[in-house]
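Okay, structure first, notes after.
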Amino acid sequence: MLGPGQTTDVLLTADQPPARYYMAARAYDSTQNAPFDNTTTTAILEYKGTCNTKKGRSSKPVFPRLPAYNDTPTVTAFTSRFKSLTTAKVPTKIDESLFFTIGFGFFKCRPGPRCQGPNGTRFGASMNNVSFVLPSSNSILQAFYQGIPGVFTTDFPASPPLQFDYTGNVSRALWQPVRGTKVYKLKYGSTVQIVLQDTSIFTTENHPMHLHGYHFYVIALGFGNFNPVTDTAKFNLIDPPVRNTIGVPTGGWAVIRFVADNPGIWLMHCHIDAHLTWGLAMAFLVENGAGELQSIEPPPADLPPC
């Protein structure tokens, strides 16, 4: 499966009988009762030596069997089979063990076209109950570099403020997140593990989570609530795939690891545009290391002001 903005390199072994074959892709829809484009996109792979006459080309290419639009078990089982081609250098000693809940929420609002949620609310989204607000004046990086106060805070929580049955029947008292521009600070070179946990607030959904500035190892995927006692046995620390976007399974979780060796401000967010605008995002502040090669380059002298 490919999430929005996600790329995958594949190797094809052409070992089938010479013929014409469809390459086909269809939408994956993990939400209930949500409209989506159910068309199928296709291309044709044709073996050399296949008859090129008009009569030969009239035969229909072989069409593959595609899973159902909402076949989450197949999507997750297929994604879980991805591995690196060689042994990977996965961090094993973890400096920062983080747990991020991701999912929807609602905000109270005045009656109007924006209030499309239940009981006079509008849709929102959050990570660890914080609905991310993009700054309106200075960028976070500019504010950090130039020491401009009031743009962001460094108190993004390392774990949910309140533990609950993340994929169960969530109390409506937990449906409204807090709004803020909060970042999480990482020391240069620190090793990071993040558990990304989907929640069933309003509904569960496959969220394609993207991290700017880094690639990461996807060491495990699963359904339900992540269990740190039993689910660590599923970790692939030998040859996990390297990604910059991972679709967190519907009603499930994903575990990623990376080394924070790229200083700066790096956004982590859902790659579904509407979810980002609703606040499904956070940012890492990776501090400078030692020396010029481990530090943010200063802005050019002719950088125009905003």
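Please state which one of TYR188, TYR217, TYR184 is surrounded by fewer than 17 Cβ atoms within 10 Å (Cβ to Cβ) and over 19 Å from GLY124 (Cα atoms). The match here is TYR188.
Okay, residues lined up against (1) closer than 30 Å to LEU285 by Cβ; (2) assigned by TED's automatic domain parsing to the domain that holds THR203:
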position: ALA77; (1), (2): no, no
position: PRO91; (1), (2): yes, no
position: GLY112; (1), (2): no, yes
position: PRO118; (1), (2): no, yes
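Evaluating VAL248 against the criteria (1) under 21 Å from GLY105 (Cα atoms); (2) of a type in the set (A, V, I, L, M, F, W, C); (3) in contact with a Gly (Cβ under 8 Å, 6 or more places away or on another chain) leaves one unmet condition, (3).
Listed residues THR101, THR86; which is in contact (Cβ under 8 Å) with a residue 40 or more places away in the chain and either among the acidic types (Asp, Glu) or in a strand (DSSP E or B) (or both)? Every option except THR101 fails the conditions.
Based on this model, can you work out whether PRO17 counts as farther than 30 Å from PHE202 by Cα, of a type outside the set (D, E, K, R), surrounded by 13 or more Cβ atoms within 10 Å (Cβ to Cβ) and at pLDDT 85 or above? Taking the combined requirement at face value, the residue does not satisfy it. Residues that are modelled with pLDDT under 90 and aromatic (Phe, Trp, Tyr) within the range 90-126 comprise just one, PHE123. Might you check whether a residue that is surrounded by fewer than 15 Cβ atoms within 10 Å (Cβ to Cβ) and β-branched (Val, Ile, Thr) occurs anywhere in the range 90-97? The answer is yes; a qualifying residue exists. Would you say HIS207 is of a type outside the set (A, V, I, L, M, F, W, C) and under 27 Å from PHE107 (Cα atoms)? Yes, satisfied.
Taking each residue of the range 204-221 that is within 18 Å of LEU285 (Cβ to Cβ) and looking for partners that are hydrophobic (A, V, I, L, M, F, W, C) with beta-carbon atoms closer than 6 Å, six or more apart or interchain, yields LEU211/MET268; HIS212/TRP266; HIS212/LEU267; GLY213/TRP266; TYR214/PHE258; PHE216/ILE256; PHE216/PHE258. Of all residues in the range 265-292, which are in contact with a helix residue (DSSP H, G or I) (Cβ under 7 Å, 6 or more places away or on another chain) and more than 18 Å from ILE194 (Cβ to Cβ)? ASN288 - this is the single residue of the range 265-292 that is in contact with a helix residue (DSSP H, G or I) (Cβ under 7 Å, 6 or more places away or on another chain) and more than 18 Å from ILE194 (Cβ to Cβ). Among the residues of the range 175-207, the one identified as within 14 Å of the chain's Cα centre (by Cα), at pLDDT below 95 and under 26 Å from PRO135 (Cβ atoms) is HIS207. If you go through the range 248-267 and keep only what is in a strand (DSSP E or B) and without any contact (Cβ under 8 Å) to a residue 60 or more places away in the chain, you end up with TRP253, ALA254, TRP266, LEU267. Only one entry of MET282, MET268, MET209 meets the criterion of being in contact with a Lys or Arg (Cβ under 8 Å, 6 or more places away or on another chain) and under 23 Å from THR181 (Cβ atoms), and that entry is MET282. The conditions of being among the aliphatic types (A, V, I, L, M) and closer than 19 Å to ASP95 by Cα are met by ILE256. Among the residues of the range 146-164, none qualifies, meaning not one is in a loop (DSSP other than H, G, I, E, B), in the same structural domain as LEU276 (by TED's automatic domain parsing), of a type in the set (Ser, Thr, Tyr) and modelled with pLDDT under 95.
The values are calculated or read from the model by the stated rules, or taken from the named source; none is laboratory data. These numbers were taken from a predicted model, which means no experiment stands behind them. Don't worry about glycine lacking a Cβ; one is built from the backbone with ideal geometry, like all the others, and counts go over all protein chains shown.
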